[in-house]
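Each remark here refers to the structure printed beneath this line.
The values are calculated or read from the model by the stated rules, or taken from the named source; none is laboratory data. Computed from a predicted model, the values in this text were never measured in an experiment. In this analysis, Cβ positions are derived from the backbone assuming ideal geometry, glycine residues included, and neighbour counts consider all displayed protein chains.
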Amino acid sequence: MKQLASFSNWPIQNDELEALYRLIETYRAPHALLLTGLHQNTRKLAEYLGKLFLCSGEDAPCGKCESCRQFEAGSHPDFLLIDGAESGSIKTGQIEELQSQMKVRAHHGGERIYVLTGIDTATPVAANRLLKTLEEPASPVRAILTSANPGRILPTVKSRLFSYLTEPLGQPAGPESDNLHEPETVHKGSAESDAETKFVSFQEPVIKWTHRWLRQQEPALVLAASLMDIASSNDLPDVLDTVLQWLRDVMHFRVGANRLFVFSAYEKELETQAKLASAQQFARAVELVTDAKTRLQAHVAANLNIEQLCIRLRGVL
């Protein structure tokens with residue numbers, strides 16, 4: 001396990017981010033993260049994570065090793081920050097420069113990290129250039145993207161990212177957070193419209209499936225078969241995305257978080273399912289589904305992956 005400083009040291013804390021902490025601790029963190037929320041929160045957390053991933057000491061980020069000292073001085077050779085949120089736009093030339101730098105071997109022999117703030121401000125051409133980097137990342141490279149308006153991110157880019165909300169639990173939503181789950185209205189073409197249609201079509205089956213997991217105590221293999229029935233093999237990543245978003249909404253409803261819910265039309269179902277497990281159990285479920293999504297991208301056999309997921313989910317309750 002990677003030895004990390006306590007989660008209480010993180011600049012932003014909520015159940016969703018604690019699940020990410022556990023993934024990092026066990027070397028299972030996704031290679032591409034999307035942090036959503038207010039710019040000051042996402043920028044602060046993105047830089048903290050960059051320092052954490054690059055740290056070569058104990059209790060990362062230790063603040064004492066050569067890597068941490070370089071990071072704090074703003075001179076770390078394996079860290080690149082492009083601040084689209086401040087400049088108002090991420091342009092093609094910046095993505096091309098990023099791609100060029102990420103091909104260089106890490107100076108310290110570990111990872112190279114890049115942070116793109118305000119990814120929703122990327123021009124369509126820049127977003128499509130970035131897509132290739134996300135689909136075929138140079139190894140070992142880690143991406144940390146941020147957005148106050150995730151509904152404006154090119155959907156094909158968004159689908160390659162593992163999203164984490166940076167709103168501290170119990171904190172009133174600010175003006176920017178009104179946009180955190182707005183409909184995707186920018187860059188929309190036929191492929192993006194198809195993706196949105198799929199998401200809508202999966203909503204009710206996924207809600208019913210999670211209810212069966214929470215309430216009916218079905219055996220894990222029966223749960224796995226029913227989840228596979230919801231989607232064809234090509235649709236499984238979309239189904240897992242829908243499960244993730246639903247579980248996150250239920251978790252935040254459970255703790256009374258003041259936020260906009262993606263599944264706001266299903267308030268009754270949110271209330272019903274939120275009573276059936278603790279916030280910690282929902283956070284663990286989010287972690288397990290995120291792990292299953294990572295394994296799917298690593299080409300683990302779909303049936304085996306989903307069976308393992310459901311066995312682990314059954315152990316959560």
key: Residues of the range 139-160 that turn out to be polar (S, T, N, Q) and crowded, with 22+ Cβ neighbours inside 10 Å, as a count   = 2
request  = Within the range 116-143, track down each residue that is polar (S, T, N, Q), closer than 15 Å to Q94 by Cα and not in a helix (DSSP H, G or I).
outcome  = T117, T123
request  = Can you confirm whether the range 197-220 contains a residue that is modelled with pLDDT under 75, closer than 18 Å to D249 by Cα and of a type outside the set (S, T, Y)?
outcome  = yes
task = Only residues that are acidic (D, E) and assigned to a helix (DSSP H, G or I): list them for the range 96-115, please.
result = E96, E97
key: Within the range 222-247, considering residues that are among the polar types (S, T, N, Q) and more than 19 Å from the chain's Cα centre (by Cα), the one surrounded by the most Cβ atoms within 10 Å (Cβ to Cβ)   = S226
request  = With the condition kept exactly as written, say whether any residue in the range 61-79 is under 23 Å from the mean Cα position of the chain (by Cα), in contact (Cβ under 8 Å) with a residue 12 or more places away in the chain and either closer than 26 Å to A126 by Cα or outside the structural domain of N149 (by TED's automatic domain parsing) (or both).
outcome  = yes
key: Close pairs from the range 281-306: first crowded, with 20+ Cβ neighbours inside 10 Å, partner among the hydroxyl-bearing types (S, T, Y), Cβ under 9 Å, at least 6 apart   = A285/T210
request  = Kindly check whether there is at least one residue in the range 32-39 that is outside any helix (DSSP H, G or I), polar (S, T, N, Q) and in contact with a helix residue (DSSP H, G or I) (Cβ under 9 Å, 6 or more places away or on another chain).
outcome  = yes
remark   = Flagged in the range 216-241 as over 17 Å from V300 (Cβ atoms) and out of contact with any helix residue (DSSP H, G or I) (no Cβ under 8 Å at 6 or more places or on another chain), in numbering order, are Q216, Q217, V222, A225, D229, S232
